[in-house]
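Participant: Pasting a structure here, questions to come.
The values are calculated or read from the model by the stated rules, or taken from the named source; none is laboratory data. As the structure is a prediction and not an experimental result, all values here were calculated from the model. Backbone-built Cβ (ideal geometry, glycine too); neighbour counts: all protein chains shown.
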Amino acid sequence: MDRELLIEIGVEEVPASWLPSLTTQLADVASAQLRAARLNVDGPVESWTTPRRLTVRVHRVAERQTDLEEVLNGPPVSAARGADGQFTPSAIGFARKNGVDPEALEEIDTPKGRYLAVRKRQRGKASVDALPDVMTGLLRGLAFPKSMNWDAWLDDGKGDFRFGRPVRWLLFLYGGRVVPYDIRRAESAQSPLVQDVRSGATTYGHRFLTTSGRAGRAVKVKTFDDYKARLLEHFVVLEREDRRERIARDLEVHAVRLGGRVHRAAAGQAGLLDEVPDLVEWPSVVAGVFPAEFLALPEEVLTTTMIHHQHYFPVVDDQGRLKAAFLAVTNVEVEKPELISRNSERVLTARLRDAQFFWNADRKVTLEDRIGRLDTILFHKKLGSYKAKAERVERLAEWIAREALAKPAEAASAAKAGRLAKADLGTDLVREFTELQGTMGGIYAREEGLPEAVWKAIYYHYLPVAVEPEAPPTRAQLGAGAICWAAVSIADKLDTLVGLFSAGERPTGSRDPYGLRRQAHGLFRTLVDLPDLTGLSVRPTVGALIAAVQRELPLDEVARTALTAFLAERLTYVLEQRGYDVRNVRAVLAGRPLGQISPLEARRMLEVLPEFTGTPEFQQLATAFKRVKNIASGELGPGPGAITTGPGPVSDPYSVLHEPAELALVAELTRRQPVIERVLDSGDHYRQAFAEAAAFGPFVDRFFADVFVMVEDPALRQARLHLMASLSRLILRLADISEIVPQSES
Amino acid sequence: MTFQDLIFKLQQFWAANGCLIQQPLDLEVGAGTSHPETLLRVLGPAHWNVAYVQPSRRPDDGRFGENPNRLFKHHQFQVILKPSPDEVQDLYLQSLEACGINPRQHDIRFEEDNWESPTLGAWGIGWQVLFDGLEITQFTYFQQVGGIDLSPIACEITYGLERIAMALQKVDNVYDLEWAPGVTYREVRLREEIEQSKYVFGHVDGVSGEEFATHHRDLFERHYVFGQKLLGSVLVWPALEECLKCSHLFNILDSSGSIGVTERTAYILRVRHLAVAIARAYYESIKPVEVEQA
C-alpha cells in the first residue's frame, strides 16, 4: 500500500532571499532522489519553506522499490561449449561467479554477436529501508549561495556535511512512522551539548509564541494535514502565499487607519512585500510615526531608510506624498504592540537623524570640491582611484556627446556630469546609504543649482540595470537631461568594462564580483533603445566606442579578445531577452565582427527580419548561403575594387563568365548591390534591404544547379570564386543568414 | 537596569553557563574579536568557553560627543563558545531574558549578516539580531581565522552594550544612559569622546597634518618591524599586540585622511600579512597538543 512521505528539515534562520529558490529545489531534488531510489510516487512532490523549516511532502510513495532487473553479459556463445558439447571453463566460471547453474544461462544478441548472459533480478527493498538514501540525496543536493561548516557529517562515505545553516531537527515520516536517520557530529565537537541530529516525529512551533518560549514547543505529528494544522495552532503559517496575503491585508487596514496607502515601491513586484513573507512565520503589522521635520529630507533618503534598512513600509497620502508614518511587519503577536511601535520609532528616528545630519553636512561642500577626496577611494588596484576614473569618464562623456551622439552642444554638460558623477562617493550620506550612489549626487547637484541636464545625468547614470524596454529610466524621467545622461551612462559603463578587462578581471560562471554582466547589459540596453530614450537616431558601433576608451585604457591582445567575446555574448543575451528569435539574433551578430556592429542597427534589422524568414525565396537563399560562404572563404584575398559597378572598368572580373545562370546572378548582384549598400549607409529601411537580398534566392539556387565553380580553367574558376565572394560580403553586411536555416535542414 | 547592571547580568548568566569570565584586552582594538581570547583561542581543537567586556575604538565613528548614537569608543560584551552548543540560539535568548527582555513581547529576529575581516583573514556565517528593528547583537559561526579552517566551529556572540541599555532604559541619547545609580554615561564618557574625536581627526593645535601623519606612520613602522621580530621568536602574544597597535594606528591614519588610496591598500595588506602569520604561528605551536589528544 502506498503511504505518505513527510520531511521537515528544521534549521536555524535561513536568509529570506534564499527561500524562493529552496522551495523549488526541495521539490526538484526530492523528486529526482525518489526516482533514483526506484520509489514510485503518486501525485505531486510538494514543498514549503519558512525561515526555520524546509518541508517536503509526497502524497503517496510506493511501499517497495521497483525491482531492478540487470542483464550481465558473459563469454560469447561461440566460446561457451567445447567440441564435446560441454560448457567451457569460462562459461562455468561466469555462472559460478553469478551464483547460477550454467544450464540457467541465457543467450542474448548484442551488437557484437551472441553472448551468454545471466538475468539478475534484484528485489526492491522496503521503502523504509530505501528512504534514508533519499534523505542523504536531499540534504546533499540542496544548493545554497553560501554554505557553512557546522561540525556535521553523513554516513554516506563522503564525510563532511556543509549546509546553509545548522540543522536542528529532522522530521522524517513515512506512513506516519519515523524513518531512522542520523546527521552525525564531528568527533572534535562532541560534547554533552553537541549531539547527532536524529530523525523523529516531532516538529517545533514558533520560536517565541509557544508556551515554552524558546525553540518553540515540540509537537508530535503523524500526517501532513495534522502537521500543517498543528503548526498553525503553534503560530506557524506554512504557506508562503498565506503569509503574504495576511501581510498585504494587515498593511492595507493599517494604512487606511493612518489616512493613506502603502508606498508603491514597497508594494509592487520584487518590492518589500515579496521579501517579508520569507522573514516571518507568524506575521502581524504594527504602525509607527516619526517627527514631521524629517519630511524635509529627500524622499529617496526616507524611503531607502525605511524600505532597505528597516524593512518598513512607507505610507503616502492621496497625492502620493510621504506621510510621517510607517508600517512594520513583525514575527509576533503581542499584547502591547505599542511597545514594539515605540522601539521601532526610536530606531527609525535615530537613523533619520543621522541622515539629516549627513544631509546638512554634505551640502556644505560642493561636488566639485569633493573630486580631490575621491583620491582616497579605490576603484581598482590596477586602475587607480575614483578620481582617476572621474577624469577618464569626463573626457569620454565629452567625446561621446560630441562624436558618437553627434551633439557638440551637449558636450560641455556631459563632461561636467561625467566628472561629477562619482563625487557623491565622498559624501557621508552615500557612505551610509551606498544604494543611493548616483541618486544623491544628482540631488546634491540639483541643490547646487546645476542645470537639469547635468543633475539628471548624474542622478540616473547607474541606470539602466535591467534590459526590458520599460525598465527605468524613461524618456519622461530623463527630460532635458536625456542626451547628457546617455553620454555619461555609456561612458561610465564602458570605462568600467574596458578598464576591468584590461586589469585582467573576468566574470566566470556565477562569479562576477564587479557586476560586469550588469554593466554590459545596461550599456547595450541604452544603445539599443537610443532613439526611445534620447530621441537621437545615431548608430554608434561597438568598435568606435571601445576605440575611444582605449585611448585612456589600452587593451592588450588577450584582453581585447576576451572583452569582445564577452560583449558579443552579452549583446546576444540582451537581444534575446527582448524577444527576438535566437537564430535571427545569431544571424545578425554573426555577419560581421562585433566592432562593426551597431546595437541599434541590429535591433532595427531584427524588427523586420521575421517578415522575410518564412518566405520561400529567403529560405532558398539561407540554405544556399552556407555554400556561398564556404566557397567564398576559400578565395584568397579581397577582390579588385572595380567589381561593384556595371560595364566600363578596365578589368571586368566577370568577362570570362558565360553560363546563363552565372550571368544572371552577376546581373542581379550588379543591380541590387547599390540598393542594399545605400540602405545600410543611411541606416534605415532595412525592410527594403532584406527584400533585395531575399530576391537573390532563386538566382543563387539556379547558379548552384547549373554551374560548377572549381573548374580547371584558372581564369574561369577565379571569376566564379570572385562572384561568390562579392555576394557573400554583401549579404554578410546584413546578416549571416545561413544561421536562419530551419534546424532540420542545417 | 543600569549600564553596569547589564554587564553584571550578562557575566553572571554566561558564568553560570560554563564560561570563564575574562577581562578586556588592555590595548586599543576595534572589536572584541581582536582579543587573543577570541582571535587565538578559536584555533585548534581545545574546547573553550569565555566571556568578557571589550571597550572598542572606532576612530571613524568619533562624533565629538554630538551624535546621540555614535561613539568613538563603545562597549561590546563578547562570548566565545567552542564548540558551539546545539542550543546556542536558545541560550542567547535566555541571556536576553536574564537582562529583563521578554522575547514574547518584542519582535526578535535573526537576520542574515555574515562577518568578514580581510585584515584578519577571517570570516564567518551568521546573523545580526534585531530587537524591534534595532541591531543589538552580532551572531557568528566562525569558519576561518588567519586563513585556517576552524575545527571545531566556534560561535561568537557580540552584544552591543550601549544599544541594549538604551532600549532597556528607553532613552534616545546614549549620553542619557544611567551607567550606575545616579551617574550618567555623559558624566563618565562625554569629555573623553570629545577629546578623542579631536585627536583622531587631527584637530591638534600646533600640529600640522603632515606632522600628525608622520608621527603615526612612524609608530606604525616601529610596531610592525618589532612585531615581526617577536614573531620570529614565536612570542605570539606580544607579536599580536604589536599587530593590533598597527591596526589601530592605521585606523587613525585613515580617519584623519592622511593616506591615499594605493597606500591604504598597502597598509591593509601589511596588517593582514602579520595577523595571518601570527595566527599560523599560534596554530603550529598548539599542534603537538592535538597529536597528544589523538
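Participant: Of all residues in region A:500-528, count the ones that are farther than 16 Å from A:TYR462 by Cβ, outside any loop (DSSP other than H, G, I, E, B) and small (Gly, Ala, Ser).
Facilitator: Number satisfying all stated conditions: 1.
Participant: Quick one: would you say A:LEU34 is surrounded by 16 or more Cβ atoms within 10 Å (Cβ to Cβ), away from every other protein chain (no Cβ under 14 Å) and in a loop (DSSP other than H, G, I, E, B)? It would help to see each step written out before you state the result.
Facilitator: Values: surrounded by 16 or more Cβ atoms within 10 Å (Cβ to Cβ): yes; away from every other protein chain (no Cβ under 14 Å): yes; in a loop (DSSP other than H, G, I, E, B): no.
When the stated conditions are applied, A:LEU34 does not pass them.
Participant: Residues of region A:388-403 being within 19 Å of A:LEU536 (Cα to Cα) and either surrounded by fewer than 24 Cβ atoms within 10 Å (Cβ to Cβ) or more than 32 Å from the chain's Cα centre (by Cα) (or both), which ones?
Facilitator: Scanning region A:388-403 gives A:GLU398, A:TRP399, A:ARG402, A:GLU403.
Participant: Within region A:1-14, count every residue that is outside any strand (DSSP E or B) and either among the β-branched types (Val, Ile, Thr) or without any contact (Cβ under 8 Å) to a residue 12 or more places away in the chain (or both).
Facilitator: Taking region A:1-14 first, the residues outside any strand (DSSP E or B) are A:1-2, A:12-14.
Restricting the remaining residues to those that are either among the β-branched types (Val, Ile, Thr) or without any contact (Cβ under 8 Å) to a residue 12 or more places away in the chain (or both) gives A:14.
Count: 1.
Participant: Still on this structure: Which number in (1) surrounded by fewer than 23 Cβ atoms within 10 Å (Cβ to Cβ); (2) among the hydroxyl-bearing types (Ser, Thr, Tyr); (3) away from every other protein chain (no Cβ under 14 Å) marks the one condition that A:SER413 misses?
Facilitator: Result: A:SER413 passes all but (1).
Participant: Of all the residues that make up region B:217-275, how many are farther than 22 Å from A:ILE377 by Cβ, without any contact (Cβ under 8 Å) to a residue 12 or more places away in the chain and assigned to a helix (DSSP H, G or I)?
Facilitator: So the answer is 8.
Participant: Taking B:ASP107 as the residue in question, decide whether it is facing another protein chain (nearest Cβ under 7 Å), more than 20 Å from the chain's Cα centre (by Cα), among the acidic types (Asp, Glu) and surrounded by 20 or more Cβ atoms within 10 Å (Cβ to Cβ).
Facilitator: yes
Participant: Using beta carbons and a limit of 8 Å, which pairs, at least six apart or on different chains, have the first residue in region A:605-618 and among the polar types (S, T, N, Q) and the second one not in a helix (DSSP H, G or I)?
Facilitator: A:THR613/A:ASP581
Participant: Look through A:GLU233, A:GLU245, A:GLU241 and report the one residue that is more than 10 Å from chain B (Cβ to nearest Cβ), closer than 21 Å to A:VAL45 by Cα and surrounded by fewer than 15 Cβ atoms within 10 Å (Cβ to Cβ).
Facilitator: A:GLU241
Participant: Report, by residue number, each residue of region A:347-360 that is facing chain B (nearest Cβ under 8 Å) and crowded, with 21+ Cβ neighbours inside 10 Å.
Facilitator: Matches in region A:347-360: A:VAL347, A:LEU348.
Participant: Given the conditions (1) without any contact (Cβ under 8 Å) to a residue 60 or more places away in the chain; (2) over 29 Å from A:ARG539 (Cβ atoms); (3) assigned by TED's automatic domain parsing to the domain that holds A:LEU545, report the number of the one that A:ARG351 does not fulfil.
Facilitator: The single condition A:ARG351 does not satisfy is (3).
Participant: Moving on to the next point. Could you please find all residues in region A:454-472 being crowded, with 23+ Cβ neighbours inside 10 Å and aliphatic (A, V, I, L, M)?
Facilitator: A:VAL454, A:ALA457, A:ILE458
Participant: Quick one: is A:ARG506 among the basic types (Lys, Arg) and farther than 26 Å from A:PRO473 by Cβ?
Facilitator: Answer is yes for this residue.
Participant: Turning to a different aspect of this structure: Tell me the strands (runs of 3 or more DSSP E) entirely within region A:94-175 that contain at least 3 residues that are more than 14 Å from every other protein chain (Cβ to nearest Cβ) and either crowded, with 18+ Cβ neighbours inside 10 Å or modelled with pLDDT under 95 (or both).
Facilitator: Fully inside region A:94-175 and qualifying: A:106-110, A:113-122, A:167-174.
Participant: Could you count how many residues in region A:709-746 are modelled with pLDDT under 90 and not in a helix (DSSP H, G or I)?
Facilitator: Looking only at that region, the number is 11.
Participant: Follow-up question, since we're still on this one. Report whether or not A:GLU69 is in contact with a strand residue (DSSP E or B) (Cβ under 8 Å, 6 or more places away or on another chain) and acidic (Asp, Glu).
Facilitator: Answer is yes for this residue.
Participant: Go through region A:311-346 and give me each residue that's in a loop (DSSP other than H, G, I, E, B) and more than 9 Å from every other protein chain (Cβ to nearest Cβ). Please lay out each step first, then the result.
Facilitator: Applying the first criterion (in a loop (DSSP other than H, G, I, E, B)) to region A:311-346 yields A:311, A:317-321, A:331-336.
Passing the criteria: A:ASP317, A:ASP318, A:GLN319, A:GLY320, A:ARG321, A:GLU333.
Listed here are the residues, each with its yes/no results for (1) within 23 Å of A:ALA388 (Cβ to Cβ); (2) in a loop (DSSP other than H, G, I, E, B); (3) assigned by TED's automatic domain parsing to the domain that holds A:THR303.
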residue: A:VAL430; (1), (2), (3): yes, no, no
residue: A:ILE443; (1), (2), (3): no, no, no
residue: A:GLY449; (1), (2), (3): no, yes, no
residue: A:TYR462; (1), (2), (3): yes, yes, no
residue: A:ALA471; (1), (2), (3): no, yes, no
residue: A:ALA476; (1), (2), (3): no, no, no
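Participant: Residue by residue through region A:361-373, note down the ones that are buried (at least 21 other Cβ atoms within 10 Å of the Cβ) and within 9 Å of another protein chain (Cβ to nearest Cβ).
Facilitator: none
Participant: Within region A:282-307, which residues are under 21 Å from B:HIS106 (Cα atoms) and either away from chain B (no Cβ under 14 Å) or not aromatic (Phe, Trp, Tyr) (or both)? Please lay out each step first, then the result.
Facilitator: First, pick out the residues of region A:282-307 that are under 21 Å from B:HIS106 (Cα atoms): A:282-290, A:306-307.
Passing the criteria: A:PRO283, A:SER284, A:VAL285, A:VAL286, A:ALA287, A:GLY288, A:VAL289, A:MET306, A:ILE307.
Participant: Could you count how many residues in region B:128-177 are facing chain A (nearest Cβ under 9 Å), in a helix (DSSP H, G or I) and surrounded by 23 or more Cβ atoms within 10 Å (Cβ to Cβ)?
Facilitator: Result for region B:128-177: 1.
Participant: Under the condition of being outside any helix (DSSP H, G or I) and more than 15 Å from B:ALA167 (Cβ to Cβ), which residue from region B:85-104 is farthest from the chain's Cα centre (by Cα)?
Facilitator: Checking each candidate, the answer is B:ARG104.
Participant: Within region A:529-538, how many residues are buried (at least 20 other Cβ atoms within 10 Å of the Cβ) and outside any helix (DSSP H, G or I)?
Facilitator: Adding up the residues that qualify gives 1.
Participant: Out of A:ARG217, A:ARG257, report the one residue that is at pLDDT 90 or above and either surrounded by fewer than 23 Cβ atoms within 10 Å (Cβ to Cβ) or over 26 Å from B:ASP113 (Cα atoms) (or both).
Facilitator: Just a single option satisfies the conditions, and that option is A:ARG257.
Participant: Next question, about the same structure. Return the pair list, or none, for Cβ contacts closer than 8 Å from residues in region A:522-542 that are among the basic types (Lys, Arg) to residues that are modelled with pLDDT under 95 and part of a loop (DSSP other than H, G, I, E, B), at least 6 apart or on different chains.
Facilitator: A:ARG525/A:PRO464; A:ARG525/A:ALA466; A:ARG525/A:VAL467; A:ARG525/A:ALA471; A:ARG539/A:SER598; A:ARG539/A:GLY683
Participant: Hey, another quick one. Quick check on my filter: what residues within region B:80-104 are within 13 Å of chain A (Cβ to nearest Cβ) and β-branched (Val, Ile, Thr)?
Facilitator: If the condition is that a residue be within 13 Å of chain A (Cβ to nearest Cβ) and β-branched (Val, Ile, Thr), then B:VAL88, B:ILE101 are the ones that fit.
Matching residues to (1) within 11 Å of another protein chain (Cβ to nearest Cβ); (2) modelled with pLDDT under 95; (3) closer than 20 Å to B:GLN4 by Cβ:
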site: B:PRO36; (1), (2), (3): no, no, no
site: B:TYR52; (1), (2), (3): no, no, yes
site: B:SER56; (1), (2), (3): no, no, yes
site: B:PRO68; (1), (2), (3): yes, yes, no
site: B:PHE72; (1), (2), (3): no, no, no
site: B:HIS75; (1), (2), (3): no, no, yes
site: B:GLN78; (1), (2), (3): no, no, yes
